């Protein structure tokens, strides 16, 4: 797949701060649909390490243009941002430009009193799914939204949930824990009885590359 070639490159970003090294051994690709019945708005690629849930690299692709390129390091609490790769060319590494890095404000997430969850596991005809309900109050009487994650066994990865962008934040903030370790094949939200924000798995593949960069950190906004 030609988009994989984008990151099968050894990156070095020069600045005066400490060097960070990240290795990736698989990637996933999902088509994103804003609403049920609509065409996909874009595809989202996520590069991960099957033995380490502490970081992932993610970007979006639309008509072969690449944008929203980020690297999330949960352990260090840093999000690295890169300038959009708005080009169909994939063999010119000079187009990859480091933008900035920011600290993640996990304290706000951990202390938040506006999100409470119920997690349920569903098995129907051998198919597995996770149902997550998010509430506004601790009594769980005010439902904000409901989400579903269809899952299936895959030998490439058994810890993908911490690197699935919409699950990563509440999981790292200990809002809930998941006992399902299967690959997410489809996810969607239900809000006001409408099916929204649908993500459908296109592929999962093994890869092997290392990203090396220098970290420039700016403090999070309070």
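Just so it is clear, none of the values below were taken in a lab; they were calculated from the coordinates. On a predicted model such as this, the values are computed, not experimentally measured, just so you know. Positions of Cβ are generated from backbone atoms using ideal geometry, with glycine treated the same way; all protein chains shown enter the neighbour counts.
Computed from label points 7 Å out along Cα-Cβ, the spacing between residue 159 and residue 103 is 2.6 nm. By the beta-carbon count within 10 Å of each Cβ, the least crowded to most crowded order of 46, 207, 123, 114, fewest first, is 123, 114, 207, 46. By the Kirkwood approach, averaging reciprocal distances over each pair of separate Cα atoms, region 15-70 gets a hydrodynamic radius of 13.1 Å.
Per residue, the Cα convex hull of region 108-202 amounts to 113 Å³. Residue 202 label point, 7 Å along Cα→Cβ, cut-off 19 Å on backbone N: hits in region 136-167? So the set is 164-166.
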